[in-house]
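Enquirer: Got a structure for you, written out below as structure tokens; questions coming shortly.
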Amino acid sequence: MQSPIATHDHAQGAPRRWLTLLAMTGSLGMIMLDITVVGVSLPAIQADLRLSDVEQQWVVNAYVLAMASLVALGGRAADTFGKVPAFVTGMLGFVGASVGCACSGSALAIVGWRAAQGAAAALMQPASASLVVGSFAPGERGKAMAVYAGIPMLLLAAGPPIGGALTQFAGWRWNFWINIPIALLSLALTTIARPVDAHRGSRGADPLGALLLLLGLPAFVFGLMEAHARGWSDPLVMGALGVGALLLPAFIAWELRHPSPLLALQLFRDRGILANAFILAAMQFAMNGLVIYGSTYVQTVLGFEPMKAGLSLMPMLVPILFVVHVAGRWYDRVGVRSPAMLGTGLATLGMAVQAVAAPLQNYALLAVGMAVLGTGIGFVMSPTN
């Protein structure tokens with residue numbers, strides 16, 4: 001059954017719902033673009049700022065870790081203060097952090113600003129997705145989510161060659177400056193569309209849950225990352241892993257008992273939600289890992305220049321761009337099961353092909369695996385979202 005809030009948003013926002021949809025894609029578009037351009041420019045960033053291998057990993061993981069740790073708070077903020085204010089605040093924060101990344105001169109600066117980007121993304125992404133879903137009736141949501149995912153996928157596909165060209169001919173810092181025009185366009189469309197925001201109001205505070213999550217998850221990931229350089233027996237590594245191993249189960253136990261939890265873990269008792277969450281996590285793991293570390297692989301192992309490295313990812317990204325729209329319409333007709341099953345099967349096959357090709361240093365075989373993986377991701381992303 002459609003919720004009263006979603007019904008209200010759809011009824012009030014219908015005349016401008018497509019303009020609202022275009023505005024909201026700006027946030028996801030920046031997030032996708034930032035992943036791909038940073039992946040291609042990582043070797044250049046490492047050389048310019050003299051980063052260690054672990055510091056290079058933190059350029060990626062600080063962003064992802066901040067977003068993962070704070071996305072529940074971002075969703076709560078959108079419920080409490082309104083989706084539009086959360087979206088606009090997150091967008092402005094992302095722009096400011098992008099400027100900070102572009103001006104960074106040290107490992108500490110680039111990692112810190114990347115974490116700030118992740119925090120801003122955690123605020124704007126739940127709000128934007130909620131505004132899109134709330135603006136469309138159930139029969140139109142597959143088509144709307146195809147656009148919401150499809151336009152950012154266009155930027156995802158364009159990101160590697162753009163990032164490679166900018167890195168090779170203008171410098172890696174320009175990969176962060178390009179977020180600004182996208183953000184300004186999205187904010188302008190939001191102002192014009194004036195999406196109706198029927199927020200729910202406060203659902204009660206959960207400060208202990210927030211504290212357990214914000215301490216436990218970063219500590220555990222820090223331990224895993226630093227173990228490579230320091231060794232598993234290092235006191236700092238063992239301490240961080242121990243803190244994470246204690247606090248994360250405590251967070252889960254607390255959230256299951258709290259009357260107004262930060263993260264409603266009870267939702268995972270629904271097998272559909274549990275399956276969707278697991279599938280989305282697997283697809284993001286496969287796609288982000290390939291985009292980020294695949295770019296590094298082809299530059300350091302195969303000897304590709306940045307521009308060529310960006311183009312080398314096209315076999316994966318181009319199929320996503322086209323398939324996502326087919327999958328959205330298929331979802332509107334039959335639901336999520338059929339496209340998701342086909343997509344996960346293809347993605348698994350694509351990863352297996354690449355696992356064989358990588359040690360052989362065979363790009364042609366890698367490209368085949370990328371194309372199969374990209375087709376699978378395209379069938380999964382729109383229906384599960």
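The values are calculated or read from the model by the stated rules, or taken from the named source; none is laboratory data. Bear in mind that the values here come from a model prediction, so they are computed numbers and not experimental data. Just the protein is used for accessible areas: all its heavy atoms, side chains included, with ligands, DNA and RNA removed. Shrake-Rupley method; radii C 1.70, N 1.55, O 1.52, S 1.80 Å.
Enquirer: Please work out how much length the chain gains when fully extended from residue 228 to residue 275, using 0.36 nm per residue of separation minus the C-alpha to C-alpha distance, in nm with one decimal.
Expert: 13.7 nm
Enquirer: By accessible area of protein heavy atoms, probe 1.4 Å, what ranking do 270, 234 get, highest first?
Expert: 270, 234
Enquirer: Taking 1 over the mean of 1/r across every pair of different Cα atoms in the chain, what Kirkwood radius in Å do you get?
Expert: Value: 21.5 Å, from the Cα pair sum.
Enquirer: Starting from the Kirkwood radius over alpha-carbon pairs of segment 17-156, derive D by Stokes-Einstein at 25 °C in a medium of 0.890 mPa s and give it in µm² s⁻¹.
Expert: Estimated via Stokes-Einstein, D reaches 158 µm²/s.
Enquirer: Then there is this: Averaged over every viewing direction, what's the projected area of the C-alpha convex hull for segment 10-77? Give it in nm², one decimal, please.
Expert: 6.3 nm²
Enquirer: Follow-up question, since we're still on this one. To the nearest 10 square angstrom, how much accessible area does residue 293 have with a 1.4 angstrom probe?
Expert: Approximately 100 Å² for this residue.
Enquirer: Then there is this: Got a sec? What order do 16, 76 fall in by accessible area at 1.4 Å, biggest, i.e. largest, first?
Expert: Order by accessible area, largest first: 16, 76.
Enquirer: With every protein chain present, what is the per residue accessible area of segment 273-381 (1.4 Å probe, Å²)?
Expert: Solvent-accessible surface per residue comes out at 46 Å².
Enquirer: How far, in nm, would the chain grow between residue 364 and residue 50 when pulled straight, counting 0.36 nm per residue and subtracting the alpha carbon separation?
Expert: 109.8 nm
Enquirer: Taking the chain as a Gaussian network, where each spring joins two C-alpha atoms under 10 Å apart, which residue of 37, 324, 298 fluctuates the most?
Expert: Sorting by GNM fluctuation, first place goes to 298.
Enquirer: Rounded to whole Å and sorted largest first, list the principal axis extents of the Cα atoms in segment 275-385.
Expert: So the extents along the principal axes, rounded to whole Å, are 46, 23, 20.
Enquirer: How long, wide and thick is segment 259-306, going by the Cα atoms along their three principal axes, in whole angstroms, largest first?
Expert: 54, 21, 12
Enquirer: Rank these residues by their accessible area, most exposed first, probe 1.4 Å: 226, 255, 55.
Expert: Solvent-accessible surface, decreasing: 55, 226, 255.
Enquirer: Also, quick follow-up: Can you run phi through the Karplus equation (6.51, -1.76, 1.60; θ = phi - 60°) for segment 242-253 and list ³J(HN,Hα) in whole Hz, with x for Gly and Pro?
Expert: Result, ordered by residue: x, 4, x, 5, 8, 6, 5, x, 5, 4, 4, 4 Hz.
Enquirer: Calculate what fraction, in whole %, of the accessible area of the chain sits on carbon and sulfur atoms when a 1.4 Å probe is rolled over the protein chains.
Expert: After summing per-atom areas, the C and S share lands at 71 percent.
Enquirer: Something else now. Can you give the direction-averaged projected area of the convex hull of the alpha-carbon atoms in segment 199-306, in nm²?
Expert: That works out to 10.5 nm², a quarter of the Cα hull's surface.
Enquirer: Quick one: how many Å² of residue 190 are accessible to a 1.4 Å probe, rounded to 10?
Expert: So the heavy atoms of residue 190 present about 10 Å² to solvent.
Enquirer: Using the reciprocal of the averaged 1/r over all distinct C-alpha pairs, how large is the Kirkwood radius of segment 76-121 in Å?
Expert: Its Kirkwood hydrodynamic radius stands at 11.0 Å.
Enquirer: Another question, then. Using alpha-carbon positions, what is the distance between the centroids of segment 10-71 and segment 284-338, in Å?
Expert: 15 Å
Enquirer: Okay, helix-only estimate at 222 nm for the chain: each DSSP H run of n ≥ 4 adds -39500 (n - 2.57), divide by all residues, round to 500 deg cm²/dmol; what do you get?
Expert: Helix-only estimate at 222 nm: -28500 deg cm²/dmol.
Enquirer: Here is a further query. Pairs of alpha-carbon atoms within less than 8 angstrom and 6+ residues apart define the contacts here; what relative contact order does the chain have, in percent?
Expert: Relative contact order of the chain: 23 percent.
Enquirer: Related question: So if I take the centroid of the Cα atoms in segment 263-282 and the same for segment 340-385, what is the distance between those two points in Å?
Expert: That distance is 23 Å.
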